[in-house]
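The values are calculated or read from the model by the stated rules, or taken from the named source; none is laboratory data. Since this is a predicted model, take the numbers as computed values, not measurements. Using ideal geometry, Cβ is built from the backbone for each residue, glycine included, and neighbour counts are taken over all protein chains shown.
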Amino acid sequence: MKMPLILNLSAVSMIFAGSSVLASAQSVKVDSQQTQLMLAASSADTAHQELEKAGALGFRPIMATTRGNGELVVLLQRDLKVTEQVQLHLIATTATKTFEKEIAESAAQGYRAVPQTFLNKPTGFIGNEIVVIMERPVNPSKKYEYKLVSTNQTSTLKSEWGDAASLGYKALAFLTRAEVMLLMEREKR
């Protein structure tokens, strides 16, 4: 049984079937039969670059998490029978309005949010970042729109969730920072 490839981008380590190899991020190679990949990076820029490379190899994010030290850990898989590449894009920002703007811009380009990658990433400096990984096929056939409900009041959350749902948005992912954030999506008409 093949073990998943593990990339730790702060000091990239690769593990293949129990043997360990060290490589720089630029020289990372994935076995042609590799179906699982794990990326770990403290820097959003590094994570973004490595996600782009992984997408070009056919890997798709299935879930992500963050660690208290700010490291982003992403699990990806690929189906070796599918030859379609996927483009991956990481949004990471501390400002709610900037997040809304960036997710709208990405959606307009055909990207779609991966639900289990909507995260609150500790930065240690200027507050936590709102993070989401977005993906799109090379030639997207559908586009999506996003609404971010962000509030400290549960009554406001309930009301805004209901308002957005009446407009066709569906709850996609949930996270807590200083406020509660609900990411909602609908297919663009």
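Scanning segment 148-189 for residues being part of a strand (DSSP E or B), of a type outside the set (A, V, I, L, M) and over 17 Å from the mean Cα position of the chain (by Cα) gives a total of 5. Would you call residue 135 within 15 Å of the chain's Cα centre (by Cα), surrounded by 14 or more Cβ atoms within 10 Å (Cβ to Cβ), modelled with pLDDT under 95 and among the acidic types (Asp, Glu)? When the stated conditions are applied, residue 135 does not pass them. Looking across 73, 86, 30, one residue alone is farther than 23 Å from residue 123 by Cα, under 14 Å from the mean Cα position of the chain (by Cα) and in contact (Cβ under 8 Å) with a residue 24 or more places away in the chain. It is 86. Annotation: residue 1 fulfils all but one of (1) among the hydrophobic types (A, V, I, L, M, F, W, C); (2) modelled with pLDDT under 95; (3) under 24 Å from residue 122 (Cβ atoms); the unmet one is (3). Selection of segment 36-66 for residues being touching a residue at least 40 places away in the same chain (Cβ under 8 Å) and either among the charged types (D, E, K, R) or in a helix (DSSP H, G or I) (or both) yields 44, 47, 48, 50, 51, 55, 60.
So, in segment 138-154, exactly how many residues are more than 21 Å from residue 179 (Cα to Cα) and surrounded by 14 or more Cβ atoms within 10 Å (Cβ to Cβ)? Residues flagged as more than 21 Å from residue 179 (Cα to Cα) and surrounded by 14 or more Cβ atoms within 10 Å (Cβ to Cβ) within segment 138-154 amount to 4. Filter segment 74-97 for residues that are of a type in the set (S, T, N, Q) and over 17 Å from residue 48 (Cα atoms); which is modelled with the lowest pLDDT? So, considering only residues that are of a type in the set (S, T, N, Q) and over 17 Å from residue 48 (Cα atoms), the one modelled with the lowest pLDDT is 83.
When segment 16-62 is examined, which residues are found to be on the phi > 0 side of the Ramachandran plot and either crowded, with 16+ Cβ neighbours inside 10 Å or modelled with pLDDT of 90 or more (or both)? Hit for segment 16-62 is 58, nothing else.
Of everything in segment 85-103, what is closer than 20 Å to residue 38 by Cα and surrounded by fewer than 18 Cβ atoms within 10 Å (Cβ to Cβ)? Give them in sequence order. Result: 85, 87.
Number of residues in segment 156-189 that are polar (S, T, N, Q) and either surrounded by 14 or more Cβ atoms within 10 Å (Cβ to Cβ) or at pLDDT below 95 (or both): the value is 2. The single condition from (1) buried (at least 17 other Cβ atoms within 10 Å of the Cβ); (2) at pLDDT 95 or above; (3) not aromatic (Phe, Trp, Tyr) that residue 71 fails is (2). Inspect segment 109-116 for any residue being part of a helix (DSSP H, G or I), under 25 Å from residue 49 (Cβ atoms) and within 16 Å of the chain's Cα centre (by Cα) and give the result as yes or no. Yes, because at least one residue in segment 109-116 is part of a helix (DSSP H, G or I), under 25 Å from residue 49 (Cβ atoms) and within 16 Å of the chain's Cα centre (by Cα).
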